[in-house]
Amino acid sequence: MEPFPGDQIQLPRNMIENSMFEEEPDVVDLAKEPCLHPLEPDEVEYEPRSSRLLVRGLGEHEMDDDEEDYESSAKLLGMSFMNRSSSLRNNMSVYRQSSNGSCSLPSTRTMVVCTVILVIAIALIMVIYLLPKCTFTKEGCHKKNHTMELIYPLATNGKLFPWAKIRLPSDVVPMHYDLVLQPNLTTLKFSGSVKIVVNIIQVTWKIVLHSSGLNITKATITSAGGHQEKPVEFLEYPLHDQIAVMAPEALLVGQNYTVNIEYSSNLSDTYYGFYKISYKDEISKQRWFAATQFEPVAARSAFPCFDEPAFKATFLIKIKRDEKLSTLSNMPKKATTPVTNGIVQDEFFVSLKMSTYLVAFVVADLKNISRETNASLVSVYAVPQHLNQVEYALNTSVKLLEFYQNFFLINYPLEKLDLVAIPDFQSGAMENWGLITFRESTLLFDSNTSSVRDKKLITAVIAHELAHQWFGNLVTMEWWNDLWLNEGFATFMEYFAMEEIFPELHSDEDFLNLIFKAMMKDSLNSSHPVSSAVQSSEQIEEMFDALSYIKGASLLLMLKHYLTKDVFQAGIEVYLHNHNYGCAQSDDLWDSMNEITNGTLDVKKLMKTWILQKGFPLVTVVRKGRIISVKQEKYLYRLEPENWTSDASYLWHIPLTYMTSSCNFTHCTNAYLLDQKSAVIELPEEVEWIKFNVDMNGYYIVHYGEDWKTLIDLLKKNHTALSPKDRANLINNIFNLAGLGKESLEKAFELIDYLNKESSTAPLTQALFQLSLIYNLLEKKGEQQLAARLMHRIERLLGDKIDQQSWTDDGALSERELRSTLLAFACTHDIRNCRTTATEMFEKWVNSNGTMSLPSDVMKAIFTAGAKSSGGWDFLLKMYSSSVSEAEKSKMIEALASTEDVRKLIWLMQNSLEGEVIRTQELSHIIAIVSQSLPGHLLAWDFVKENWEKLTRKFHLGSYTIQNIISWSTSQFATKAHLIEVKSFFESKSEQSSQLRSVKEAIDTIQLNIQWMDRNLAMLQELL
């Protein structure tokens, strides 16, 4: 999946999908398996106490006698157990007091008699107390049932539910689904029936599968070769979204059975499952649209199923619909037959073997254009009024599909590929096999209003989702802990493909900035390994973050450069061929790479140090003549910087790269594998300078110590001796080291003094990003004068370059993007005459009633300036409501959210939550923009607090959207009062809320902001 790029916090970008694994294809017995992903104490993830009991591997007839386990089991059943041992101790202490009192008589004989009586009484009481209550009933005690009562939870009907783990049992596997659905876009409900052919792996009386929010009206089972459907009892356990079909007789090993279930439900009003969408057609009439979003765990809310990625099966889908609408699903349509008046049924061909989260269907009024390539028909669908904006997506999709087929040496296996623009969609896109769904702004390109950045976004999202047709769909992670196998690979291939096919877009520079932001997240103590153990739905949702996407992709980039492109590509081909139509774990990928390296390099040993450890290394370089000393330690912010020590247990195998003054950067990159804490590299000759991590192709930060001065001088004298990516890398590293306390902020400012000569986007973007972080902290801390002095420093550096920008769409794509970046920044902060020029252009546009064409690359800057006035803001909102260009509307949203009018900001957030004028899909992006401004940052946090329950119901706890809302609404805080407030708020919510990783990240970030200000405020006052 692709998280919506506009939502991204100051960390990630592309995201949304799935992954993981275990020892058996279906479920792992944690009691038997070694820990594949050892966690540190601070990485332990939230898990209900009852779950902790169950994963110890208790079977039907086993039980730990430890008192804590009794108590945990009791809690699982909702019982209230007394602590018998402590109660007993209390009782005994009472007796002792009594003996010290009333039994204290001078006669020895009396004393002995009292003592004997007392001992007998105590013994009797203890025996009675410790015996189970059932001892004194007619039925007596049944040990087996008693054990089951302690292990298994209760179903909704009060009976014991025969399964207690979150993961499904492995004794039954699905082979095929026949699914019939009838959505009603008038009543906004749907009915369905599913026939699931299952195979029995071991004898059982139960079939446990997933169902969520479905009203099941009938359940039967049919044996293989049998024709008679036998009614069965079914039990429901909503806490785990599970149902159990209780067979009337034992289900035999190797036999196939068919489970038949009929049910109904409402179309969802969230963005998950089978959900409804309201939109206005070309004559402003309200229309309804139904679509699916099943990843990661929502297929179960559309039909009962084995909703885990390893349970792959084939699907035959039939959908009954109004004859005026159309339907799409994963496979081509096979037939359409009449059902009743005005209702027809579409039947689709049987699918390939795939996971439930990839099943998809859409019911709507859609139009499309198509083109055939390599025996597959590629089509792009949209609502009718947007059909004129789909041509770029179709051309791009065909080019990318052909590239991937040639690169992977595996043809796209389906006869068709549909790309559908959905009017209201939470993420950026979803890679359903053969039916990829998109947010409209990530698929529709309008040549009049779409900027260079819009084109890059659309190209990137299509490239990401098409890569998933191989990485994720053809080969799927076994379990969500290895989501990075899906998302990291799709992100890596997205940028790799764009560089190969669309080099003019310079997408590698975008990827670089995403890596920088992912490292910010990964440097926090609340970070997690790329491959992390997960169980609950909240934990699974939280895996869709910058680390699965961006860190995963950057590790693959590092490996590609170390192995060379040809070896890496050969390893990918082996991986895809070995596991097609199946599932894989991380080790399967490394084993495939090792088949190609053939013993020359142990890829598994190298890469495990990167995916099983959180964080990344800081490499310190000391140069003395020809001798280069390098050492590694964990890069980690400490809240007590004076006690900064490295984590001795952390060791990475780092493929270092470096270049020196004695060679040309396009031809002379040297490599060294640092697999120890420290090492020495001997150069063939002395050099003037050395730069490590060439083009930032490695996932680590470098500290040059005394050599920073040499590199600063190099940038001043001849900055083009280093590539733009290397220059951006140095800017990023020195500002990060200043934040860490390893380098001075003064030296960081000295390094960027060369920027008045810079003309490349990557270093300028990174410098503006770092300086904006500082500006925002100063502004929100109440240091307005110091913030103004910082902006004056930026103006001195970049003012001339800003003045040189034309308000047009002329020039190469890289020049146009730089223009857009600089002018948007200048207008936001009122630098030079930017806002004046933009306001004049906005007024001309208003006078033309919005019909005048504006240059797309500077449209955002013009709208932002115009929205500063009340009248301008109102006109923009009116134009937003009538615009049919998604590119134009997204720029209007950003401008509307940048006003300083508090009432308008509150209205904008509230209206987006309700989805009336502004779609709810825009809310997290609106909160992100509002939270950056001085009047808005407190409003955004107040809005989140007041609407927390509504937000988590609409977007789901742990989702990428909720992660971003938490991060953006708190990222500007830098006071202890705000720290306490944020902590208290989340502690007052459910345990699931307070234990979210994104909440811990928010708290870490506020603490670091406080520390940064304490450390650097005085220095800034001197520098500026």
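The values are calculated or read from the model by the stated rules, or taken from the named source; none is laboratory data. Just so you know, these numbers come straight off a predicted model, no measurement behind them. Every residue, glycine among them, receives a Cβ derived from its backbone with ideal geometry; neighbour counts consider all protein chains shown.
Brief remarks follow.
- Of all residues in region 730-780 being under 19 Å from THR828 (Cα atoms) and β-branched (Val, Ile, Thr), the one that is nearest to the chain's Cα centre (by Cα): THR765
Okay, residues lined up against (1) under 16 Å from PRO413 (Cβ atoms); (2) without any contact (Cβ under 8 Å) to a residue 24 or more places away in the chain:
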residue: THR337; (1), (2): no, yes
residue: GLY342; (1), (2): no, yes
residue: ASP346; (1), (2): no, no
residue: SER351; (1), (2): yes, no
residue: LEU366; (1), (2): no, no
residue: SER370; (1), (2): no, no
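- Number of residues in region 845-863 that are assigned to a helix (DSSP H, G or I) and under 18 Å from ASP809 (Cα atoms) equals 9.
- Put simply, of THR710, THR666 the only residue that is more than 19 Å from ALA767 (Cα to Cα), modelled with pLDDT under 95 and surrounded by fewer than 19 Cβ atoms within 10 Å (Cβ to Cβ) is THR666.
- Residues in region 259-298 that are among the basic types (Lys, Arg) and under 18 Å from THR327 (Cα atoms): LYS276, ARG287.
- Taken over region 380-419, the criterion of being under 23 Å from ASP281 (Cα atoms) and either among the acidic types (Asp, Glu) or over 28 Å from the mean Cα position of the chain (by Cα) (or both) is satisfied by VAL383, PRO384, GLN385, HIS386, LEU387, ASN388, GLN389, GLU391, ASP418.
- Among (1) outside any loop (DSSP other than H, G, I, E, B); (2) at pLDDT 90 or above, the one test that GLU642 misses: (2)
- Leading residue by the ranking (surrounded by the fewest Cβ atoms within 10 Å (Cβ to Cβ)) among those in region 424-453 that are touching a strand residue (DSSP E or B) at 6+ places or on another chain (Cβ under 8 Å) and at pLDDT below 95: ASP424
- Residue count, region 915-946 (criterion: surrounded by fewer than 23 Cβ atoms within 10 Å (Cβ to Cβ) and in contact with a Leu (Cβ under 6 Å, 6 or more places away or on another chain)): 1
- Restricting ASP482, ASP510 to those that are under 22 Å from ALA728 (Cα atoms) and either acidic (Asp, Glu) or modelled with pLDDT under 95 (or both) reduces the list to ASP510.
- All positions within region 947-969 that are crowded, with 24+ Cβ neighbours inside 10 Å and on the phi > 0 side of the Ramachandran plot: GLY958
- Test: residue in region 903-916 that is under 25 Å from THR449 (Cα atoms), touching an Asp or Glu at 6+ places or on another chain (Cβ under 6 Å) and either part of a helix (DSSP H, G or I) or of a type in the set (Val, Ile, Thr) (or both): yes
- Filter result for the condition that a residue is touching a residue at least 12 places away in the same chain (Cβ under 8 Å) and in contact with a Lys or Arg (Cβ under 8 Å, 6 or more places away or on another chain), over ASN776, ASN756: ASN756
- Scanning region 738-753 for residues that are free of Cβ contacts under 8 Å to residues at least 60 places away in the same chain and part of a helix (DSSP H, G or I) gives LYS747, ALA748, GLU750, LEU751, ILE752, ASP753.
- Filtered by the rule that a residue be part of a strand (DSSP E or B) and either touching a residue at least 60 places away in the same chain (Cβ under 8 Å) or in the same structural domain as LEU601 (by TED's automatic domain parsing) (or both), region 674-709 gives ILE690, PHE692, ILE701, VAL702, HIS703.
So that you can scan it fast, the table gives a plain yes or no per residue for (1) touching a Phe, Trp or Tyr at 6+ places or on another chain (Cβ under 8 Å); (2) farther than 30 Å from LEU325 by Cβ; (3) crowded, with 21+ Cβ neighbours inside 10 Å:
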{"site": "LYS159", "(1), (2), (3)": "no, yes, no"}
{"site": "LEU188", "(1), (2), (3)": "yes, no, no"}
{"site": "GLN202", "(1), (2), (3)": "no, yes, no"}
{"site": "GLY213", "(1), (2), (3)": "no, no, no"}
{"site": "THR222", "(1), (2), (3)": "yes, yes, no"}
{"site": "LYS230", "(1), (2), (3)": "no, yes, no"}
{"site": "GLN242", "(1), (2), (3)": "yes, yes, yes"}
{"site": "PRO248", "(1), (2), (3)": "no, yes, no"}
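- Residue tally, condition assigned to a loop (DSSP other than H, G, I, E, B) and closer than 14 Å to LYS605 by Cα, over region 648-662: 3
- From the list LEU235, LEU179, LEU209, the lone residue that is farther than 24 Å from PRO153 by Cβ, part of a strand (DSSP E or B) and in contact with a strand residue (DSSP E or B) (Cβ under 8 Å, 6 or more places away or on another chain) is LEU179.
- Only one of ILE893, ILE918 that is of a type in the set (Val, Ile, Thr), under 25 Å from VAL383 (Cα atoms) and outside the structural domain of VAL982 (by TED's automatic domain parsing): ILE893
- Residue within region 720-735 that is part of a helix (DSSP H, G or I), without any contact (Cβ under 8 Å) to a residue 12 or more places away in the chain and surrounded by fewer than 23 Cβ atoms within 10 Å (Cβ to Cβ) present: yes
- Taken together, the criteria place SER268 among residues that are small (Gly, Ala, Ser) and within 30 Å of PHE471 (Cβ to Cβ).
- Check on LYS860, surrounded by 20 or more Cβ atoms within 10 Å (Cβ to Cβ) and over 20 Å from GLY799 (Cβ atoms): yes
- Just one residue in the set ASP171, ASP178 is farther than 30 Å from VAL339 by Cα and not aliphatic (A, V, I, L, M); that residue is ASP171.
- Qualifying position, being under 21 Å from LEU474 (Cβ atoms), out of contact with any strand residue (DSSP E or B) (no Cβ under 8 Å at 6 or more places or on another chain) and not β-branched (Val, Ile, Thr), among ASN388, ASN374: ASN374
- If you go through region 398-433 and keep only what is β-branched (Val, Ile, Thr), touching a Lys or Arg at 6+ places or on another chain (Cβ under 8 Å) and assigned to a strand (DSSP E or B), you end up with just ILE422.
- Which numbered condition ASN199 misses (of (1) without any contact (Cβ under 8 Å) to a residue 12 or more places away in the chain; (2) over 23 Å from SER329 (Cβ atoms)): (1)
- Flag for GLU372 being outside any strand (DSSP E or B), under 30 Å from TYR575 (Cα atoms) and of a type in the set (Asp, Glu): no
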